[in-house]
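What follows draws every value from the coordinates through simple rules; no lab data is involved. Here the structure is a predicted model, which is why all the values come from computation and not from measurement. Because the Cβ atoms are built from the backbone with ideal geometry, glycine has one as well, and the counts that use them run over all protein chains shown.
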Amino acid sequence: MESFMVRIYRALKMFLSCKMITLLMVLVFSLVILSDINFLCSECPADEDPTSESSIEARYAKERQRMVKEQLEAPGRDIKNKKVLEAMMSVPRHKFVPEHLRAEAYNDHPLPIGHNQTISQPYIVAFMTEAIDPQPDFKVLEIGTGSGYQAAVLAKIVKSVYSIEIIEELSRNARQTLSQLGYTNVFLKVGNGFEGWPENAPYDAIIVTCAPETIPQALIDQLKNGGKMIIPVGPSFNQSLYLIEKKDNKIIKKSVLPVRFVPMINSNRE
Ligand code: SAH
């Protein structure tokens, strides 16, 4: 009788310890699964696909933040104008570069955009935009539309941007990018920047993004009295950026930065 009781006791003990082990395993499993889910959530929300348009855009937005902090606001760069920093923070630069170079869009250098032309380094775009002290009611002329990026940055701040490009295909691509992004205050024209765009003159400011050997007279003429022009001047890839101010219809010229821009083509066709 006693040994029967002992046997029952042992069987019960074994059964219980088995249950305990199972229970313990279930507990460990649930913990692992829960921590796994938690880990994934900290990377991206469970319902967000990392290859979706919105996650890709979120990653580019982070890169823009880094660009503004490290390349524009950093000591030695010192871009201070809030409107310029905000515009640089919001314009999707990656949409203005060829698709295979998008990963480099927010790096600290210019990039090729075809036809031997380049989209300027972000710092240079910010520097030139800040130099003209852009105001909300400004009408700005740009020479050298290129990718359309500088025009887009300007368009975030000023009332209207008129931009001339000598290479038809670049102008066409820029028009498409700008319209896809919803810009309605940028006006493009294929033509020779040496002549300016007299029909809409005078301009509050002029930004020239290709380098002539001397400042074109038509651009001086089309600048409003009191207006500013920023322009690289000099021989191929070795120029100074000049800030020109028109005061009492006289020109005050100040060299502000050594730069390397593509030359301004002096003909009516590429
Ligand atoms: N602002 C551009 C960079 C332009 S690079 C951007 O944000 O992407 C300089 C551009 O000036 C090139 O696209 C080049 O084709 C154009 N260019 C050169 N000579 C020109 C001229 N005489 N008139 C108008 N555009 C010119």
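Observations, loosely collected:
- Computed FRET value (nearest 0.05) for Glu86 with Ser179, which takes r as the C-beta separation and R₀ as 22 Å: 0.50
- The range 94-146 shape via C-alpha gyration tensor axes, a/c threshold 1.5: prolate
- Protection proxy ranking of 245-258, 65-78 - average other beta-carbon atoms within 10 Å, highest first: 65-78, 245-258
- Net charge over other residues, Cβ less than 11 angstrom from the Cβ of Asn249 (K, R count +1; D, E count -1): +2
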